[in-house]
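Please read the structure below before turning to the comments.
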Amino acid sequence: MSTTLDLDFVRGQFPAFAEPALQGQAFFENAGGSYACAPVIDRLTRFYHQRKVQPYAPYEASRLGGAEMDEARARLAAMMGVETDELSFGPSTTQNTYVLARAFAQWMRAGDAIIVTNQDHEANTGPWRRLEAEGFEIREWQIDPDTGHLKLEDLEDLLDERVRLVCFPHCSNVVGEVNPVVDITALAHAAGAFVCVDGVSYAPHGLPDIGAMGPDIYLFSAYKTYGPHQGIMTIRRELGMQLPNQAHFFNEGSLYKRFTPAGPDHAQVAACAGMADYIDALAAHHGLEGDAAARAGGVHDMMRAHEETLLAPLLDYVRSRNSVRLLGPETAAGRAPTVALRVDRPGEEVARDLGAHGIMAGGGDFYAVRPLRAMGVDPAHGVLRLSFVHYTSRAEIDQLLSALDDVL
């Protein structure tokens, strides 16, 4: 068994690295969406070629299409330690959150409270904040304006018997700090509240063991975890069956259908099984054994270790530049490789200049207007965001550092 990520094997699973048009280009906007792995592309292609019919009918093409959709749900759920029907697919994480907010609005009573943060991407805060207009109290768990950190003691001060839900990010898409989901969940549960975690910015760095962490709802995006453009949501049965059904009335008995009012994209759901293929391929190549959750956990740990190794020189470089402000933690441990920098020029302008050096990066507010404002950054000026994942190489980090020398 090897616990060191075989980067050559990893990059061989992504067709993008063999594309002539992408040669010499180093991809540092992974927080906006990752490259798709070959198993996902192969499954999507096969579905459109062979199974693009209404699924779950008795004829073979339909039976195979439905079986592949079920396979995606079952395998991904097992890897994250939840029951198969506790995982559902939707058109996006934003849409899934909006549907959940409608369900909570129908379930709660006037005066009930929801806690949100100002560290979030707007997707996991905007839909909940809108409920204030319907008679519910919204309490904001605020970040430290200097560090972007969420303090547990501040959450304790906000919790009481009226709080029904606590919503927070596993990792902010601009602050980068990995929040202690287990500790936050324990605090919320002790106060009688449910927990909703936005995992969009964390899941690309290794699928989380949701069963072990304990949140009631966990959401992330398949297109940022090497898959197609789908939102993936897990919701505990205890909560999911309490909330009002948001789908067709005859689907109210099916947990994975209750919060999917529109028909799913059959091909993309089926292609999500390719995400499980990829994780299993990594586990097998590195000699990782055990059940699905154990294999996924081993892959998660290898991904994170590789990312932390590459993140350290980038953070060292940033600390050496007096004109650059790093948002979030200054050390690689405890943060994701999503590095937002406030620089003298608008972030989008710097990203454009990096493009001339073969660096694909992004600039702007990244729908994180609230945390940027809270940290004193004008969203119109924005930040330069440099984000990578486990398939990034040290040579690409060196290319980035050289390019930064030229443009900063």
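Summary value for segment 1-81: 16 percent relative contact order, contacts being C-alpha pairs under 8 angstrom separated by 6+ residues. Taking the average, over residues, of other Cβ atoms within 10 Å as the packing measure, peptides 98-105, 253-260 rank 98-105, 253-260 from highest down.
In order along segment 209-223, the Karplus-derived 3J(HN,Hα) couplings, from 6.51 cos²θ - 1.76 cosθ + 1.60 at θ = phi - 60°, round to 8, 5, x, 6, 6, x, x, 7, 10, 9, 10, 7, 10, 5, 6 Hz, and Gly and Pro are given as x.
To the nearest whole percent, what portion of all C-alpha pairs in segment 281-407 is separated by more than 16 angstrom? The share of Cα pairs beyond 16 Å in segment 281-407 comes to 65 percent. Volume per residue of the convex hull around the Cα atoms, evaluated for segment 43-276, comes out as 111 Å³. Mean sequence separation of contacting Cα pairs (under 8 Å, at least six apart), scaled by the length of segment 43-276, corresponds to a relative contact order of 28 percent. Phi-derived couplings, Karplus 6.51 cos²θ - 1.76 cosθ + 1.60 at θ = phi - 60°, listed residue by residue for segment 73-82: 5, 5, 6, 5, 4, 4, 5, 9, x, 10 Hz, with x used for Gly and Pro. Listed by chain and number, the lysines whose alpha-carbon sits under 28 Å from that of K257, ignoring those within fewer than 8 places in the same chain, are K52, K224.
Simple rule: put +1 on each Lys or Arg Cβ and -1 on each Asp or Glu Cβ in the chain, find the dipole, and look at A374, L314, L100; the Cα lying farthest toward the positive end is L100. Projecting the Cα positions of A284, A361, C272 onto the charge dipole of segment 266-370 (unit charges on Cβ atoms of Lys, Arg, Asp and Glu, taken about the Cα centre) puts A361 furthest along the positive direction. Using Cβ point charges alone (K and R +1, D and E -1), the dipole size of segment 43-276 about the Cα centre works out to roughly 1280 debye. The solvent-accessible area of M360, taken with every protein chain present and a 1.4 Å probe, is close to 50 Å².
Sorting H149, H248, H49 by solvent-accessible area of protein heavy atoms yields H49, H248, H149, largest first, with a 1.4 Å probe.
Mean-square fluctuations from a GNM of the chain, with a 10 angstrom spring cutoff on Cα atoms, peak among Q268, Q242, Q119 at Q242. Based on the reciprocal of the average 1/r between different C-alpha atoms, the Kirkwood radius for the chain equals 21.9 Å.
Projecting the Cα atoms of T260, A36, L165 onto the charge dipole of the chain (Cβ charges, centred on the Cα centre) puts T260 farthest toward the positive pole.
Only Cα pairs under 8 Å and 6+ residues apart enter the sum, and on that basis the relative contact order of segment 229-351 stands at 13 percent. Among M233, M375, M79, which one shows the highest mean-square fluctuation when the chain is modelled as a Gaussian network with alpha-carbon springs under 10 Å? Among M233, M375, M79, the largest mean-square fluctuation in the Gaussian network model of the chain belongs to M375.
Remark on V163: its backbone amide H falls under 5 Å from those of A113, a criterion applied only to residues 5 or more positions apart or on other chains, H modelled at 1.01 Å from N.
Taking amide hydrogens as placed 1.01 Å from N in the peptide plane, the amide H of R335 sits under 5 Å from those of V178, each at least 5 positions away in sequence or on another chain.
When peptides 11-18, 110-117 are sorted by average Cβ neighbour count within 10 Å, with the highest value leading, the order is 110-117, 11-18. DSSP beta bridges confined to the chain are antiparallel in about 50 percent of cases.
Taking every DSSP helix (H) stretch of at least 4 residues in the chain, weighting each as -39,500 (n - 2.57) and dividing the sum by the residue count yields a mean residue ellipticity at 222 nm of -11500 deg cm²/dmol. Taking the chain as a Gaussian network of alpha-carbon nodes connected by springs under 10 Å, the highest mean-square fluctuation of the residues Q230, Q95, Q50 belongs to Q50. Its Cα centre serving as origin, the chain has a Cβ charge dipole (Lys and Arg +1, Asp and Glu -1) of approximately 920 debye. For segment 149-208 versus segment 81-110, the spacing of their alpha-carbon centroids is 17 Å. For S92, the residues whose modelled amide H falls within less than 5 Å of its own, excluding neighbours fewer than 5 places apart on the same chain, are G231. Couplings 3J(HN,Hα) for segment 299-313, derived from phi with the Karplus relation 6.51 cos²θ - 1.76 cosθ + 1.60 (θ = phi - 60°), are 5, 3, 5, 5, 4, 5, 4, 5, 5, 5, 4, 6, 6, 4, x Hz, where x marks Gly and Pro. Exposure check, 1.4 Å probe, all protein chains in place: S92 carries approximately 30 Å² of accessible surface.
The values are calculated or read from the model by the stated rules, or taken from the named source; none is laboratory data. Note that the structure is predicted; figures quoted are calculated from it, not measured. In this analysis, Cβ positions are derived from the backbone assuming ideal geometry, glycine residues included, and neighbour counts consider all displayed protein chains. Just the protein is used for accessible areas: all its heavy atoms, side chains included, with ligands, DNA and RNA removed. Shrake-Rupley method; radii C 1.70, N 1.55, O 1.52, S 1.80 Å.
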